[in-house]
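Undergrad: Take a look at the following structure, please.
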Amino acid sequence: YLAQDQYKDVHFILLDGEPHSGDYSEYRTEANVMPILFQEDEPGFLAGYAAVKDGYTKLGFLGGMAVPAVIRYGYGFAEGADYAAKEMGVDGIEIMYNYTGAFAATPEAQSMAASWYQNGTEVIFGCGGAVGNSVMAAAEEKSAKVIGVDVDQSYESDTVVTSAMKQLSVSVYDGVRDFYAGSFPGGKTSVFTVGNNGVGLPMETSKFEKFNQEQYDAIYKKLADGEITLIQFSEDNNDPTKDLTELANTKVTFVE
């Protein structure tokens, strides 16, 4: 927020945010800043869809703080699972759901993940920075599975079956390319989605047993073509069941 005024001859690419004052009371983007946001519910949807297509029926979503990006990931995840269940004619998909309130790896987060695994949860979407590392630790103990977030986390643990990714390299490349082409998209926020290949799953490193590239390409195209409309969360974002009660084949259980 301050740097864009102080260094007017520098061009900034700002990932996952928009320039704002310290108290968030004012947002302002100057022509030398390219803020980049991502449509997180779309990679969340793809991850939930792939998980159910791969045969998982008992899922978990362990998020960090209930900020819009994390909420979107979770909503998309639940909707993707339900969409796949409808396609397959499968009832009884279950999703345990919790926001830890932080983005740290804690014994409490690991304990919650372990208890979910103990009670039958097969794969947990660890969506909150280092919260995911707590989920991985629990999964390693229980011989269970994890879905990573933001980047390809397959290199962090053998338990990671796939990751709901933001294509950071694509978005930054586009910004740098446009800068050198003399068309830097500053002064406005750029949103990366399935429509501009800005989000997705890392199929090359995913450890699916049934879900394949052809199925992935088909569902990706449906999202990109606008055939699927995702739920936008309500202001009551700490109770996802408020907005996800209409899922036909999936039950979301919010854990306090």
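The values are calculated or read from the model by the stated rules, or taken from the named source; none is laboratory data. Only a predicted model underlies this, so the values are computations on that prediction, with no experimental measurement involved. Here the Cβ positions follow ideal geometry from the backbone for every residue, glycine too, while neighbour counts run over all protein chains shown. Protein only, heavy atoms only, side chains kept; ligands, DNA and RNA dropped before computing areas. Shrake-Rupley method; radii C 1.70, N 1.55, O 1.52, S 1.80 Å.
Undergrad: Got a number for carbon plus sulfur as a percent of the chain's accessible area, 1.4 Å probe? Mind dumping the intermediate values first?
TA: Numbers: 5910 of 11870 Å².
For the chain, the apolar C and S fraction of the accessible surface comes to 50 percent.
Undergrad: For Lys53, list the lysines whose Cα falls under 22 Å from its own Cα; do not include residues on the same chain fewer than 8 positions away.
TA: Correct list for Lys53: Lys86, Lys145, Lys166, Lys207, Lys210, Lys221, Lys222, Lys251.
Undergrad: Output the relative contact order of region 10-129, whole-number percent, from Cα pairs under 8 angstrom with separation of 6+ residues. Display every interim value, and only then the final one.
TA: Values: 201 pairs, mean separation 34.4, N = 120.
Answer for region 10-129 is 29 percent.
Undergrad: Using helices alone, what [θ] at 222 nm do you get for the chain, with -39,500 (n - 2.57) per DSSP H run of 4 or more residues, divided over all residues and rounded to the nearest 500? All intermediate terms of the calculation are to be shown ahead of the outcome.
TA: Working: 8 runs with 91 residues, N = 256.
So the helix-based figure for the chain works out to -11000 deg cm²/dmol.
Undergrad: Placing unit charges on C-beta atoms (Lys and Arg positive, Asp and Glu negative, everything else neutral), compute the dipole magnitude of region 141-256 about its Cα centre in debye, rounded to 20. Before the final figure, lay out each step's value.
TA: Details: 11 positive and 19 negative charges, 42 e Å.
For this selection, approximately 200 debye.
Undergrad: Could you give the accessible area per residue of the chain, probe 1.4 Å, as a whole number in Å²?
TA: Numbers: 11870 Å² over 256 residues.
It amounts to 46 Å² per residue over the chain.
Undergrad: How high is the relative contact order of the chain, given as a whole-number percent (alpha carbon pairs under 8 Å, six or more residues apart)?
TA: 24 percent
Undergrad: Farthest toward the dipole's positive end in region 112-198, which of Gly128, Gln153, Gln167, given Cβ charges of +1 (Lys, Arg) and -1 (Asp, Glu) about the Cα centre?
TA: Final value for the positive-end residue is Gln167.
Undergrad: If you take the charge dipole of region 66-157 about its Cα centre, with +1 on Lys and Arg Cβ and -1 on Asp and Glu Cβ, which of Tyr83, Ala138, Ile71 is farthest toward its positive end?
TA: After comparing all options, I get Ile71.
Undergrad: For region 29-108, give the magnitude of the charge dipole about the Cα centre (Cβ charges: +1 Lys/Arg, -1 Asp/Glu; no others), in debye to the nearest 20. Walk me through the numbers before you get to the answer.
TA: Details: 4 positive and 11 negative charges, 21 e Å.
Roughly 100 debye, rounded to the nearest 20.
Undergrad: Would you mind calculating the relative contact order of region 143-256 from Cα pairs under 8 angstrom and at least 6 residues apart, reporting the percent as a whole number?
TA: 18 percent
Undergrad: Roughly how tilted is helix 107-118, in degrees to the nearest 10 and between 0 and 90, from the longest Cα axis of the chain?
TA: Helix 107-118 sits at roughly 40 degrees to that axis.
Undergrad: Among the trypsin sites (Lys or Arg not before Pro) in region 116-189, which ones are in a DSSP loop with at most 16 other Cβ atoms within 10 Å of the Cβ? Mind listing them?
TA: Values: sites: Lys142, Lys145, Lys166, Arg177, Lys188; in loops: Lys188.
Counting only loop positions with at most 16 other Cβ atoms within 10 Å, the trypsin sites (Lys or Arg not before Pro) in region 116-189 are Lys188.
Undergrad: Using Cα atoms only, what is the angle between the long axis of helix 131-142 and the major principal axis of the chain, expressed in degrees (0 to 90) to the nearest 10?
TA: It works out to around 20 degrees.
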